[in-house]
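Colleague: Following this message is one structure expressed as structure tokens.
The values are calculated or read from the model by the stated rules, or taken from the named source; none is laboratory data. Note that the structure is a prediction, hence the values are computed from the model and not measured. Neighbour counts are summed over all protein chains in view; Cβ atoms, including those assigned to glycine, are modelled from backbone coordinates with ideal geometry.
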Ligand SMILES: C[S@@+](CC[C@H](N)C(=O)[O-])C[C@H]1O[C@@H](n2cnc3c(N)ncnc32)[C@H](O)[C@@H]1O
């Protein structure tokens, strides 16, 4: 089959952001976008998640249509675009700076559609065989409804690959973890340089923690997310804690 050339299509340019009234207690994803890939490159826990997703893709029949919801700067979209060059991949991301960063990085791939909307604004005009949603559900409004949206957007038997931050973001713990792995990799001067360049990461991690404490962002145990996902129309095939115990990974199938 010939790869489908979708060009660099941006299907919806409105900036639809989830409720903006209490933004002071939310992460500022636009500010985060500039430093986000520094985190991805230098955070071994983040790299482990990317490898796990790539390994998962190799175990399933090639999905023809893949949605990366809350796809940020496109790191999961990139893996999917490389592993499934004949498939259509839709990066759904409401933040304009995040999606711009993804478009710039993934310009060489012709099988990606960029969709600048929040999940709750996406109608069911087409369905996916695989939905990837990593570290985004906790930041959305009304998780039960959002999981129902994902169920609606999946074809029966389709896969949901879900990773979600469930526990409180301990900023000091992450800072010392990242600093010690950077120091091993780059020495003290290199670690200090990357920390300075990526100082926005610490600011946004603090904002995430504040939003978790005030209940604006969802926190959950592994059992709680498994139960909600099951209630919203999925069979959970596999689940385990990941990302140093802060997050949960659930591999699920949409029930008929
Ligand atoms: C921590 S980033 C994760 C990005 C990417 N999935 C990754 O793991 O590298 C969370 C992303 O969720 C997006 N997001 C927040 N609310 C959303 C919503 N209601 N619908 C879709 N995406 C949303 C943010 O804009 C942000 O880019």
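Colleague: Scan the stretch 154-172 residue by residue and report those that are buried (at least 24 other Cβ atoms within 10 Å of the Cβ) and within 12 Å of the ligand (Cβ to nearest atom).
Modeller: 162, 164
Colleague: So in the stretch 101-140, with the set limited to residues that are closer than 30 Å to residue 213 by Cα and part of a loop (DSSP other than H, G, I, E, B), which one is farthest from the ligand (Cβ to nearest atom)?
Modeller: It comes out as 116.
Colleague: Name the pairs: first residue in the stretch 58-76 and farther than 15 Å from residue 162 by Cβ, second residue within 13 Å of the ligand (Cβ to nearest atom) and assigned to a strand (DSSP E or B), Cβ to Cβ under 7 Å, at least 6 apart or on different chains?
Modeller: Within 7 Å, the pairs are 74/91.
Colleague: Moving on. Quick one: count up the residues across the stretch 145-158 that are in a strand (DSSP E or B) and within 11 Å of residue 133 (Cα to Cα).
Modeller: Residues of the stretch 145-158 that are in a strand (DSSP E or B), as a first pass: 154-158.
Retained after the next criterion (residues that are within 11 Å of residue 133 (Cα to Cα)): none.
Selection size over the stretch 145-158: 0.
Colleague: Let me ask another. Could you please give the count of residues in the stretch 103-151 that are more than 30 Å from residue 206 (Cα to Cα), touching a residue at least 12 places away in the same chain (Cβ under 8 Å) and loosely packed, with under 14 Cβ neighbours inside 10 Å? First the steps, then the outcome.
Modeller: Taking the stretch 103-151 as the starting set, the residues that turn out to be more than 30 Å from residue 206 (Cα to Cα) are 107-113, 123-130, 151.
Now narrow it down to the ones that are touching a residue at least 12 places away in the same chain (Cβ under 8 Å): 107, 109-113, 124, 126-130, 151.
With loosely packed, with under 14 Cβ neighbours inside 10 Å added as a condition, the list becomes 107, 124, 126.
Qualifying residue count, the stretch 103-151: 3.
Colleague: Having 1 or more residues that are at pLDDT 95 or above and under 14 Å from the mean Cα position of the chain (by Cα) is the bar; report the helices (runs of 4 or more DSSP H) wholly within the stretch 1-100 that clear it. First the steps, then the outcome.
Modeller: On the way: elements: 29-42, 44-57, 75-83.
By residue number, 44-57, 75-83.
Colleague: Does residue 182 satisfy the condition of being modelled with pLDDT under 95, over 23 Å from residue 60 (Cβ atoms) and surrounded by 14 or more Cβ atoms within 10 Å (Cβ to Cβ)? Steps first, answer last, please.
Modeller: Numbers: modelled with pLDDT under 95: yes; over 23 Å from residue 60 (Cβ atoms): yes; surrounded by 14 or more Cβ atoms within 10 Å (Cβ to Cβ): yes.
It is true that residue 182 is modelled with pLDDT under 95, over 23 Å from residue 60 (Cβ atoms) and surrounded by 14 or more Cβ atoms within 10 Å (Cβ to Cβ).
Colleague: So, in the stretch 216-233, of the ones that are under 23 Å from residue 57 (Cα atoms) and over 19 Å from the mean Cα position of the chain (by Cα), which residue ends up modelled with the highest pLDDT?
Modeller: Checked the stretch 216-233; the qualifying residue modelled with the highest pLDDT is 230.
Colleague: Within the stretch 214-234, is there a residue that is surrounded by 14 or more Cβ atoms within 10 Å (Cβ to Cβ), free of Cβ contacts under 8 Å to residues at least 12 places away in the same chain and within 27 Å of residue 64 (Cα to Cα)?
Modeller: yes
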